[in-house]
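Worksheet: one structure, shown below.
Just so you know, all these numbers are worked out from the coordinates, no wet-lab data involved. All figures in this text were calculated on a predicted structure; none of them were measured in a lab. Quick reminder, even Gly has a Cβ in these numbers, built from the backbone with ideal geometry, and neighbours come from all protein chains shown.
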Amino acid sequence: MIRLLGTTAEAGSDDAVAGALEQLVYFVEDVDNANDLPKINGVDPVVEQLKHRAALVRANAAWVLAAVAHNNPEAQNGLLQHGAAVPELLRLLNEEQDSSVMAKVLGAVSAIVANNRTGCERVVQAGAVPRLLSLATSTSQGSTANTQTRALMILKHLVGALPAAKGTACTEASLPALLPCLESASGDVVARTAELLLELANGNPQVATLIAKPATLEVIRKAVAVQKKQETGQQVVETLTALLNMFPK
């Protein structure tokens, strides 16, 4: 692991640095190795590569951080305490133009905030919710279902951990942008949107009032009808039905 970190810190070729980071991913997928990374001053050289000129290097650096934090509370907290890891990821969240890099950045942010209230608070306090909503609902050229899915997952983490964030994530302006995601050709996008809407409506009368509008409920009913015809749509149907059951006729 130390050898690979040395390669990432050297001014080698883009391919060499990207390759070292990719190999490092497989090491830090082991929890013990992930927890050892800060002890050998291994986080700094990885975070530094988030600024690299080459998209593949930036993507692989974010991938390393995602692997470090995945299902690992100790590593999550270590990255949150690091001075630059989260700020650099959030900078890329706002500035990155390459969709493959953005997908990895979202994966890293998702891994850091999953079941971690402090991580959720950092992201919300940084004002990232509007950007996440934009990524979740964008259908512009360069946007991918993978990007949308990961942004939706992060939003669900945030509003689940911080009920106060629901009012920011679901407004008169943002809800109409979210609803078309229920019509996506991607089953994952539809599923994550359904889960987010259910989480948003649960325990928040203000958000529930927005969702309870007849036009909104009609969109949800149409999504249920479409998903019933899909082989993999049963779980989505159950989620959307649970949402509809919150607003009986």
Whole-Å distance linking the alpha carbon centroid of the range 52-117 with that of the range 206-247 is 32 Å
Check cross-link reach from Lys166 to the aspartates and glutamates: straight Cα distance under 14 Å, and skip same-chain residues fewer than eight apart. Glu121, Glu195, Glu199
Tilt, helix 14-28 to longest principal axis of the chain (alpha-carbon atoms), in degrees rounded to tens, equals 70 degrees
What value in Å³ per residue do you get for the convex hull of the alpha-carbon atoms in the range 190-249? 68 Å³
Reduced Cα scattering model of the range 109-188, Debye log10 I(q)/I(0), q = 0.11, 0.15, 0.23 Å⁻¹: -0.26, -0.49, -1.10
The computed P(r) of the range 141-249 puts the percent of Cα pairs beyond 25 Å at 13 percent
Are there GluC sites (Glu not before Pro) in the range 175-241 that DSSP puts in a loop and that have at most 11 other Cβ atoms within 10 Å, and which ones? Glu231
Rounded to the nearest 10, the angle in degrees between the Cα long axis of helix 145-161 and the longest principal axis of the Cα atoms of the chain comes to 80 degrees
From DSSP H assignment alone, runs of 4+ in the chain each adding -39500 (n - 2.57), the sum over residues rounded to the nearest 500 puts [θ] at 222 nm at -21000 deg cm²/dmol
What list of ³J(HN,Hα) couplings, whole Hz, do you get for the range 49-56 from phi and the Karplus terms 6.51, -1.76, 1.60, once you set θ to phi - 60° and write x for glycine and proline? 6, 5, 9, 5, 5, 8, 4, 5
Difference of contour (0.36 nm per residue) and Cα-Cα distance, Thr232 to Ser99: 45.2 nm
Quick check: residue separation of Lys213 and Asn71 times 0.36 nm, minus the Cα distance between them. What number comes out in nm? 47.3 nm
Give me the extension gain from Ala225 to Arg91: residue separation times 0.36 nm, minus the current Cα-Cα distance, reported in nm with one decimal. 44.3 nm
Evaluate the charge dipole of the range 117-183 about its Cα centre and quote only its size in Debye, nearest 20, assuming +1 on the Cβ of each Lys and Arg and -1 on the Cβ of each Asp and Glu. 240 debye
Which residue fluctuates most in the GNM of the chain (Cα springs below 10 Å): Leu65, Leu217, Leu93? Leu217
Mind computing the radius of gyration and Dmax over the alpha-carbon atoms of the chain? Å is fine for both. 19.3, 65
At a Cα cut-off below 16 Å, give the lysines reachable from Lys213, other chains included and same-chain residues fewer than 8 away excluded. Lys222, Lys249
Debye equation applied to the C-alpha atoms of the range 144-189, log10 I(q)/I(0) at 0.23, 0.25, 0.31 Å⁻¹: -0.88, -0.98, -1.13
Three principal axis lengths of the range 21-163 [C-alpha, angstrom, descending]: 41, 36, 22
Please report, to two decimal places, log10 I(q)/I(0) for the range 82-145 at q = 0.14, 0.25, 0.29 Å⁻¹ as given by the Debye formula with identical point scatterers on the Cα atoms and no solvent. -0.39, -1.19, -1.49
Each residue of the range 75-80 in turn: what ³J(HN,Hα) in whole Hz from Karplus with 6.51, -1.76, 1.60 and θ = phi - 60°, glycine and Pro shown as x? 5, 4, 5, x, 5, 5
Could you compute Rg(Cα) / (2.2 N^0.38 Å) for the range 30-79, with N its residue count? 1.11
